[in-house]
1. Asn97: net charge of surrounding residues, Cβ under 14 Å, Lys/Arg +1, Asp/Glu -1, itself excluded?
2. Starting from the Cα of Lys234, draw a straight line to each of the aspartates and glutamates and keep only those under 20 Å, dropping any in the same chain fewer than 8 residues away.
3. Quick one: net charge around Arg162, please, counting Lys, Arg +1 and Asp, Glu -1 for every other residue with C-beta under 14 Å from its C-beta.
4. Which whole-number percent of Cα pairs in region 162-262 have a distance greater than 23 Å?
5. Net charge around Asp33, counting only other residues with Cβ within less than 10 Å of its Cβ (Lys, Arg = +1; Asp, Glu = -1)?
6. Work out the length of the dipole vector of the chain about its Cα centre, built from +1 on the beta-carbon of each Lys and Arg and -1 on the beta-carbon of each Asp and Glu, and round it to the nearest 20 debye.
7. How large is the helix-only mean residue ellipticity at 222 nm for the chain, computed as the sum of -39500 (n - 2.57) over DSSP H runs with n ≥ 4, divided by its residue count, in deg cm²/dmol to the nearest 500?
8. Please turn the phi angles of region 113-119 into ³J(HN,Hα) values with the Karplus equation 6.51 cos²θ - 1.76 cosθ + 1.60 (θ = phi - 60°), one per residue in order, whole Hz, x for glycine and proline.
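Derivation of every value follows stated rules applied to the coordinates shown; laboratory data play no part. Quick caveat, the model's predicted, so the values are computed rather than measured. Counting neighbours? That spans all protein chains shown, and the Cβs are built from the backbone with ideal geometry, glycine included.
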Amino acid sequence: MEQSKKIKIAIIGGGNVAYHLARVFTSNALKPDQILVRNKLLRESFEPFCNSVIHTLQQLNSCDILFLAVNDDAVSELSKQIKLKNTLIVHTSGSLNADAAASTDNSYGVFYPLQTFSKARFPDFNEIPVFIQAGDDNSLELLKLVAGKITKNVQLSDDHIRKSLHIAAVFVSNFSHALFALAEDFLKAETVSFAHLHPLIKETASKAVETDLYQSQTGPARRNDFRTIENHLKMLAQHPEKIEIYKILTSYIHHKYHPDKNE
Ligand SMILES: NC(=O)c1ccc[n+]([C@@H]2O[C@H](COP(=O)([O-])OP(=O)(O)OC[C@H]3O[C@@H](n4cnc5c(N)ncnc54)[C@H](OP(=O)(O)O)[C@@H]3O)[C@@H](O)[C@H]2O)c1
């Protein structure tokens, strides 16, 4: 597609990714034409970011790219219900096959922004890697063009790379987040403020991107401080779920740094 022609974009979804894509497209002169939002209560929040908010597939006009920013499990079924022709239909999932939205009348692709999105947070999109794939060269060129307008970090991907990154992202983001929430929960029960941990959380994240991960691991399991571990387990006695998680991670770290003591 020529750079001068306005690319017509539509989005299906009223969730986190739909919201952030709509927002960043709008602020980069790619305002979506339509966004399909099922939930009535959410439609107003999408109005600034498209020409019209719609709520049924029948209202969908022809467009160049249709983004399916919906639950992974909905992508395949939804793509079969779309009546458009000659449209590039892309999903935004890290874990689905690239051709999950493939159909006979349209081309397909993937547009996977590797970041954790919530509506209340506004990460700098220009820093976010967007992993793109497409079923044909023209579609890939179009995705390159669009991705290049919203981020300086466009990555050509394949299923293996994207799915591997998605698993890694679950570990570094979703699981870390769950551990932060677990810690907060524990401290609440002990009537101690979680805010005391904020500098530690920030330094841990900085260390993860700035230093060698193997070298910079700390803690009782790394040091082989078994008395400390025993004391922690005693203090966690009232929290059986937390004890399980503590034991699994302690054993993982201990095995890594003291393999000879795990035989
Ligand atoms: N959140 C992230 O950090 C992130 C990052 C990168 C990629 N992704 C991927 O992006 C996609 C969307 O994730 P999300 O976090 O935005 O999910 P989400 O916040 O849960 O939103 C999903 C949206 O899809 C809508 N939806 C589901 N089935 C639909 C259908 N058949 N027709 C129309 N709308 C439908 C839901 O509508 P209702 O509310 O009416 O059910 C909801 O608005 C997923 O593939 C996810 O893996 C997510």
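1. Around Asn97, the surrounding residues sum to -3.
2. Cross-link targets: Glu184, Asp185, Glu190, Asp225, Glu244.
3. Once all neighbours under 14 Å are counted, the net charge is -3.
4. 34 percent
5. +2
6. 540 debye
7. So the calculated ellipticity at 222 nm is -12500 deg cm²/dmol.
8. x, 8, 7, 8, 10, 9, 5
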